[in-house]
1. For Ile72, state whether it is under 28 Å from Leu165 (Cα atoms), β-branched (Val, Ile, Thr), touching a helix residue (DSSP H, G or I) at 6+ places or on another chain (Cβ under 9 Å) and assigned to a strand (DSSP E or B).
2. Does segment 319-349 hold any residues that are more than 18 Å from Glu88 (Cα to Cα), open to solvent by 70 Å² or more (accessible area, probe 1.4 Å) and outside any helix (DSSP H, G or I), and which are they?
3. Name the single residue that is modelled with the highest pLDDT among those in segment 350-366 being loosely packed, with under 14 Cβ neighbours inside 10 Å and either basic (Lys, Arg) or under 23 Å from the mean Cα position of the chain (by Cα) (or both).
4. Against the definition (buried (at least 18 other Cβ atoms within 10 Å of the Cβ), among the hydrophobic types (A, V, I, L, M, F, W, C), touching a residue at least 12 places away in the same chain (Cβ under 8 Å) and not in a helix (DSSP H, G or I)), how does Val12 come out, yes or no?
5. Do any strands (runs of 3 or more DSSP E) lying entirely in segment 214-261 carry at least 3 residues that are modelled with pLDDT of 85 or more, and which ones are they?
6. Could you grab me the full set of residues in segment 69-113 that are modelled with pLDDT under 85 and of a type in the set (Ser, Thr, Tyr)?
7. Looking only at segment 74-89, how many residues end up being of a type in the set (D, E, K, R) and under 15 Å from Ser313 (Cβ atoms)?
8. How about segment 96-153: which of its residues are on the phi > 0 side of the Ramachandran plot and loosely packed, with under 13 Cβ neighbours inside 10 Å?
Amino acid sequence: MIQLIGAIYDAVIEPEKWYDALDRIRQHFRLHNVIMALNDIHARTASPSVLVNIPDHWAAAMAKPEYNAALIDMLGGRKSIESMPLEEPINTLSVANQQTLESNKYFIDLTAPEGLIDCVGIFLTRDRFRLGNVGLGRHRDEGPITEDVFAGLRVIAPHLRRAALITGILDEERRQRTMFEAVVNAVRSSVVIVDRRANIVHANIAAREAMANSNPLVDRVGRLDIKGEVVPGGLAAAILAAAEGDGSLGRRGIAIPGARADGEPFVVHVLPLSGRSVRSGVPGEAVAAVFVAERGDDPKYVLDAAAMLYNLSPAETRIFELTIDGRDSEEIARTLSISPNTLKSHTRHLLEKTGQQRRADLLRLAASLGPAVKYG
């Protein structure tokens, strides 16, 4: 598993390695094919980023609205997609009943002819307009996907998400570049390379400008800090975890939230560098690269902050989100397609982890993590 996670982060540094990383995941879990794509929910079109063992006619169909409309319908429609948690592997074929599948254009023309009996979807990014995801198919010769496969995919899902987020920050600036520091220096977002103690090894121009104004990055006698960090100590904890390698980082380092001096929100992502097989130009003492991105009006940062601070599972994070969105227990259970008893169990764990006594306390917790975010 550690090798798979390492391959994912190698792909962040050299994007041409994305194919190899996803193919290794495919082979490890005995899957048939993999698609990484960005779907426009409104236009119902898809822009594939990486295709592994996908035939040409399938790739061409992804650009056609009728196939993407059929895919959305197969997944239960837009509302169903919006209710699916990030990072949680979902058997997308099980969402639809057999009658729906037999009349669905996407399934009839693309999925069924490939002999796929199960398809796992992992949603990595989502806003009001676009959905970034990875889809993995299982061929009938390998039999249905078992729970151990889902468990393994849950381990690597946060790393896939972090890599997707960071790659999105770097994409435009580095297409023609191969040296890591050349990439870092060319990126408009602030990027700082640090050692395990958060000592600054290298900072690009944008980061140096931010540190000169101490907004939001701060150079404390050569050590990197964040001003306005929502969860104090989150960056330091993520850097220490990164020093231990890819497997230790987990969800820590994904969207560490903060606010600039003027109240403008931002997030920080941490990419581990220890053990990278691709280290062109990276100093030997470097253990992590810290990226700063604008958070805009995305309320998801509160959920990332809570998940990072309290080590929430994807299910607990989703329940937290729906709770602070004002949903009652009946609505939450219906949205997540779980029984009331299962919801009670998840909610009990959520309250225990966050140190709260009742559901109303979760609203106050959300307010303390992100006073600028409005729900409802």
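The values are calculated or read from the model by the stated rules, or taken from the named source; none is laboratory data. Just so it is clear, the structure is predicted and the values come from calculations on it, not from any experiment. Here Cβ is always computed from backbone atoms with ideal geometry, including for glycine, and neighbour counts include all displayed protein chains. For accessibility, only protein heavy atoms count, side chains too; no ligands or nucleic acids. Shrake-Rupley method; radii C 1.70, N 1.55, O 1.52, S 1.80 Å.
1. no
2. Matches in segment 319-349: Arg327, Asp328.
3. Arg358
4. When the stated conditions are applied, Val12 does not pass them.
5. Of the strands (runs of 3 or more DSSP E) lying wholly inside segment 214-261, those with at least 3 residues that are modelled with pLDDT of 85 or more span 217-220, 223-226.
6. Ser80, Ser83, Thr92, Ser94, Thr100
7. 2
8. Once the filter is applied, which keeps residues that are on the phi > 0 side of the Ramachandran plot and loosely packed, with under 13 Cβ neighbours inside 10 Å, segment 96-153 yields only Gly143.
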